[in-house]
Amino acid sequence: MTKIFIDPGHGGNDPGAVGNGILEKNATLQIAKRINEILKNEYSGVTTRMSRTGDNTVSLVQRTNMANNWGADYFLSVHINSGGGTGFESYIFNGGVRAETVLRQKVMHDAVMKQIDMRNRGMKRANFHVLRESKMPAILTENGFIDTASDAKKLADKAYIEKIARGHVNGLANIFGLKKKQTPTKPSPKPGSNNKLYKVQAGAFSSRDNAEKLVEELKKKGFSAFITK
Ligand SMILES: [Zn+2]
């Protein structure tokens with residue numbers, strides 16, 4: 001069972017970045033909740049925990065402690081940028097990291113970029129607490145700039161939030177080989193399960209082929225059927 005720790009940035013009395021009527025803490029929670037829901041609803045072999053599911057104040061130490069104590073396989077921190085730029089960028093720790101941390105960043109970064117219509121600001125490295133103090137491979141994504149009108153407009157759109165979330169989920173599915181849950185389909189009836197019996201008269205058809213086709217159709221529907229002269 002793959003354990004994914006999802007960390008919506010900021011929360012409670014820490015709003016994060018603010019701009020264009022949007023609070024970073026709310027946008028990160030929306031994205032993180034959708035990532036969590038999609039994983040739970042659509043994928044098997046994966047279990048999740050979130051650092052917060054509401055507007056709570058959670059310290060950075062609490063966030064990494066939660067993930068470390070749980071023994072998560074991956075730490076995913078979701079943020080929104082600010083500072084007047086535009087586009088998407090991702091971060092891993094700028095100190096020593098495992099090779100898989102670097103590989104996973106590439107997979108996650110490409111998967112998100114594929115879903116969103118935003119400038120690609122590239123894969124970066126930084127000394128952020130959640131990246132440094134998490135014992136498992138970790139990534140932090142910066143999903144657009146809250147103080148840039150065109151990015152903020154996207155972040156205010158539910159359909160766009162969904163795209164960001166889907167991108168993250170696709171990356172996780174690729175990294176961990178997560179399988180889609182089987183959607184329950186109606187089982188096809190077994191031949192003979194329907195107790196009606198059909199005798200198909202070959203002579204009534206222009207060719208025997210046509211009579212055989214009808215027999216096949218009837219069998220597919222669960223009827224017993226055979227050809228007579
Ligand atoms: Zn942030």
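The condition (being farther than 27 Å from residue 181 by Cα and away from the ligand (no atom under 16 Å from the Cβ)) is satisfied by just one residue among 12, 21, 71, 84: 21.
On the given criteria, is residue 28 touching a strand residue (DSSP E or B) at 6+ places or on another chain (Cβ under 8 Å), assigned to a helix (DSSP H, G or I) and not small (Gly, Ala, Ser)? Taking the combined requirement at face value, the residue satisfies it.
In region 24-38, the residue that is surrounded by the fewest Cβ atoms within 10 Å (Cβ to Cβ) out of those that are within 14 Å of the ligand (Cβ to nearest atom) and aliphatic (A, V, I, L, M) is 29. Annotation note: of 121, 104, the sole residue that is basic (Lys, Arg), buried (at least 21 other Cβ atoms within 10 Å of the Cβ) and at pLDDT 95 or above is 104.
Among strands (runs of 3 or more DSSP E) entirely within region 67-175, having at least 3 residues that are within 21 Å of residue 6 (Cβ to Cβ), under 22 Å from the mean Cα position of the chain (by Cα) and in contact (Cβ under 8 Å) with a residue 60 or more places away in the chain singles out 74-81, 138-145. Going by the conditions given, is residue 50 away from the ligand (no atom under 14 Å from the Cβ), more than 30 Å from residue 182 (Cβ to Cβ) and of a type in the set (A, V, I, L, M, F, W, C)? Here the answer is no, as residue 50 does not meet what is asked. From the list 213, 179, 220, 229, exactly one residue is of a type in the set (Lys, Arg), exposed (fewer than 14 other Cβ atoms within 10 Å of the Cβ) and under 30 Å from residue 113 (Cα atoms). Which is it? Going through 213, 179, 220, 229 in turn, the sole match is 179. For region 1-18, taking the residues that are of a type outside the set (Val, Ile, Thr), on the phi < 0 side of the Ramachandran plot and crowded, with 19+ Cβ neighbours inside 10 Å, the one that is farthest from the chain's Cα centre (by Cα) is identified as 17.
Among residues of region 5-32 that are modelled with pLDDT of 95 or more, those with a beta-carbon under 7 Å from a residue that is away from the ligand (no atom under 12 Å from the Cβ) and of a type in the set (Ser, Thr, Tyr) at least six positions away or on a different chain give the pairs 5/74; 6/48; 7/51; 8/51; 11/57; 12/57; 13/57; 14/57.
The listed residues are 156, 152, 138, and the only one of them that is within 15 Å of the ligand (Cβ to nearest atom) and either farther than 30 Å from residue 102 by Cβ or not assigned by TED's automatic domain parsing to the domain that holds residue 60 (or both) turns out to be 152.
The values are calculated or read from the model by the stated rules, or taken from the named source; none is laboratory data. Note that the coordinates shown come from a computational prediction; the quantities given were computed from them, not determined experimentally. Because the Cβ atoms are built from the backbone with ideal geometry, glycine has one as well, and the counts that use them run over all protein chains shown.
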